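Everything below concerns the one structure shown next.
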Amino acid sequence: HLPFCALLYYILHALNVGSESKFSEFSMISVNVAWHLLELLKRTTVHGESNSALIIGPRGSGKTALLNHVLRELTEMKQVRENLLEVHLNGLLQTNDKVALKEITRQLHLENVVGDKVFGSFAENLAFLLEALRKGDRTSSCPVLFILDEFDLFVHHKNQTLLYNLFDISQSAQTPVTVIGLTCRQDILELLEKRVKSRFSHRQIYLTNSFDFKQYIRIFKEQLSLPAGFPDESFAQKWNKNVQHLSEDKTVQDMLQNLFHHTKDLRSLNLLLMLAVSNVNVHHPLITASDLHEASKQSRMDSKANIVHGLSVLEICLIIAMKHLNDVYEGEPFNFQMVYNEFQKFIQRKAHCMYNFEKPVVMKAFEHLLQLELVRPIERPSVRAQREYLLMKLLLDNNQIMDALQAYPNCPTDVKQWAASSLSWL
């Protein structure tokens with residue numbers, strides 16, 4: 001028998017590592033799509049043909065899983081494994097062309113080749129890097145695969161220089177280059193400049209989360225079940241039998257259905273299962289329905305509502321005053337003076353439950369809400385602008401406020417009643 005800590009680690013590891021293979025199985029990626037992408041990359045790596053393509057789909061639809069599966073198939077070919085160079089860029093990390101070029105140089109291991117050379121333009125620098133990859137006989141080049149994750153963020157680079165040069169090189173016959181972009185934006189082509197769009201091959205692969213709830217339950221069971229070769233066979237049988245009972249439990253199915261309707265992204269399901277499995281210990285060896293419900297609450301917890309739980313009663317009152325201003329003026333911006341006046345109306349009506357703070361103290365509380373980003377200014381404040389009259393917008397909706405108040409410890413009853421009232425205190 002394995003020590004229990006090793007067992008728990010094994011389960012957590014299995015949930016994390018096994019997710020990709022099961023993810024790709026149930027994401028309804030057709031064999032034709034994978035074959036098409038594989039052939040596209042083979043034409044680059046084997047025949048030296050340059051290409052470009054976009055993989056488009058919502059988060060969790062299997063874009064990265066599809067690409068990783070194809071790359072594994074590709075690298076099993078000896079000829080490809082020895083020649084193919086991969087460059088992975090991410091729009092969240094490479095925020096401008098200078099950073100992107102530095103990362104390309106690092107991944108191609110050409111830092112020593114570039115040295116202290118000075119280039120006149122981005123295009124010259126990139127062309128030099130690709131020229132440095134030519135083989136000794138200088139008749140052919142190593143094929144390079146550029147993978148641009150969060151592709152839509154590269155569109156916002158100045159003049160789209162990186163995309164222009166990559167697509168331009170992918171059209172030339174000198175260097176075999178394939179550019180693969182992954183994005184969630186369905187309108188991505190509309191964001192490309194005309195000169196960039198003209199150099200793109202317009203190959204687009206669309207993916208969707210098309211599985212139904214029955215398949216979602218099946219994924220839930222397979223993700224949570226222990227494999228047949230698990231060392232402790234008797235425990236594995238108990239565990240898998242318990243998983244089967246959970247999948248048939250009405251309350252668990254209702255909870256999973258809510259998650260399914262909220263998002264089909266299987267990473268959300270994996271997070272839910274990871275949180276539930278983390279409660280397993282020696283005295284609690286099997287997952288229960290209550291573990292899953294508690295994990296569901298944690299995974300879908302509202303971060304802004306959590307911030308509200310830590311505010312003072314005065315700050316809560318200011319948020320309620322802003323809520324009423326939003327209701328009365330139908331979401332129009334407000335300023336501190338309007339919030340202060342609303343707060344004063346409440347104090348005058350319910351003076352026995354709240355201390356009447358001086359205006360500078362109330363201003364300090366208002367500025368704290370601004371620092372917590374629960375309130376934001378409509379425009380950047382100028383040096384001469386009076387703080388009391390800067391137009392603001394509340395970043396909480398009514399449901400978030402009311403839910404946070406229900407969980408707020410020792411909140412005065414009059415404050416809750418003020419928040420629940422449909423009209424401002426006049």
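No value in this document is a laboratory result; all are computed from the given coordinates. Keep in mind that this is a model prediction, so the values were computed, not measured. Cβ placement follows ideal geometry from the backbone for every residue including glycine, while neighbour counts extend to all protein chains displayed.
Computed values, structure above
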| read-out | value |
| --- | --- |
| Contour minus Cα-Cα distance for Ser299 and Glu379 (0.36 nm per residue) | 25.4 nm |
| Cα-only radius of gyration and Dmax that characterise segment 29-206, units Å | 15.6, 48 |
| Distance violations [Cα-Cα > 23 Å] among Lys241/Lys264; Lys214/Lys304; Lys323/Lys359; Lys304/Lys416; Lys250/Lys297; Lys42/Lys194 | Lys241/Lys264; Lys214/Lys304; Lys42/Lys194 |
| Kirkwood Rh (inverse of mean 1/r, distinct Cα pairs), segment 305-420, angstrom | 14.4 |
| Gln204 paired with Lys359, simple spin-label distance in nm, labels 7 Å along Cα-to-beta-carbon | 5.7 |
| Amide H contacts of Ser52 (H built 1.01 Å from N, under 5 Å, at least 5 apart or other chain) | Val179, Ser201 |
| Distance between modelled label sites at Thr413 and Arg72, nm, 7 Å Cα→Cβ extension | 6.2 |
| Gain upon complete extension [Val46, His245; 0.36 nm per residue less C-alpha separation] | 66.6 nm |
| Rounded to 5, percent antiparallel among DSSP beta bridges of segment 29-206 | 5 |
| Neighbour cut-off at most 16 other Cβ (10 Å), DSSP loop, trypsin sites (Lys or Arg not before Pro), segment 28-82 | Arg59 |
| Highest to lowest packing among 145-151, 340-346, scored as the average C-beta count within 10 Å | 145-151, 340-346 |
